[in-house]
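Student: Have a look at the structure that comes next, please.
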Amino acid sequence: LFVNNTMLTWAQIAILGPFCPQLKELRACGNNITTLSSECREGFPVLADVSLSKNSIASWAELGHLAWLPVLAQLSLNENRLPDDLTDPSTIPAHLTSIA
């Protein structure tokens, strides 16, 4: 599913989860997303690859909000506002195998 440059927030995208149970790949680039928190924490049971490049995520702690995605393995965060150093690795969901 590609929702690039639509200015959808992560909370709005997360609402789609229950309606897209077979979605494996999500591209939400260029939406000015600043937070990954959402009250909707269900759905997307097979979502494995997410690109949030070209957004405005500025804290590694935001990644902790993705822990509810059970098979998320690849996450792209290119061109965000993240600091160069990851001070608290515990904020990264354990099931992520690749962060770019």
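The values are calculated or read from the model by the stated rules, or taken from the named source; none is laboratory data. In this text, all values refer to a predicted model and were calculated from it rather than measured experimentally. Cβ sites come from the backbone with ideal geometry, for glycine too, and all protein chains shown count toward neighbours. Remember, those area values only see protein heavy atoms, side chains included, never the ligands or the DNA or RNA. Shrake-Rupley method; radii C 1.70, N 1.55, O 1.52, S 1.80 Å.
Student: Roughly speaking, what is the stretch gain from Ile99 to Phe19, that is 0.36 nm per residue apart minus the C-alpha to C-alpha distance, in nm to one decimal?
Tutor: 26.2 nm
Student: If you plug each phi of the stretch 91-100 into the Karplus form 6.51 cos²θ - 1.76 cosθ + 1.60 with θ = phi - 60°, what whole-Hz ³J(HN,Hα) values come out, in order, with x for Gly and Pro?
Tutor: 6, 8, x, 4, 7, 6, 9, 8, 10, 10
Student: Please go through the chain and write out the GluC sites (Glu not before Pro) that DSSP classes as loop and that have at most 14 other C-beta atoms within 10 Å.
Tutor: Sparse-neighbourhood loop GluC sites (Glu not before Pro): Glu39, Glu42, Glu79.
Student: Would you kindly state how much longer the chain becomes between Asp88 and Cys40 on full extension, computed as 0.36 nm times their sequence separation minus their alpha carbon distance, in nm to one decimal?
Tutor: 14.8 nm
Student: Shifting gears a bit: How much area per residue is accessible in the chain when the probe is 1.4 Å and only protein heavy atoms are counted (Å²)?
Tutor: Averaged over the residues of the chain, the accessible area is 54 Å².
Student: Then there is this: Out of the total accessible area of the chain (probe 1.4 Å, heavy atoms of protein only), what percent is carbon and sulfur?
Tutor: So the carbon and sulfur contribution to the accessible surface is 54 percent.
Student: With the contact rule set at Cα under 8 Å and sequence spacing of 6 or more, what percent relative contact order holds for the chain?
Tutor: Reported as a whole number, the value is 25 percent.
Student: Using amide H atoms built 1.01 Å from N in the peptide plane, name the residues 5+ places from Ser51, or on other chains, whose amide H lies under 5 Å from its own.
Tutor: Here the answer is Leu26, Arg27, Ala28, Ser76, since their amide H atoms fall under 5 Å of that of Ser51.
Student: Could you tell me which of rounded, prolate or oblate describes the chain, using a ≥ b ≥ c as the square roots of the eigenvalues of the alpha-carbon gyration tensor, with rounded for a/c under 1.5 and, failing that, prolate when a/b is larger than b/c and oblate otherwise?
Tutor: oblate
Student: Per residue of the stretch 49-64, in order, report the coupling 6.51 cos²θ - 1.76 cosθ + 1.60 (Karplus, θ = phi - 60°) as ³J(HN,Hα) in whole Hz, putting x for Gly and Pro.
Tutor: Once rounded to whole Hz, the list reads 9, 10, 10, 10, 5, 6, 10, 10, 6, 10, 9, 5, 4, 4, 5, x.
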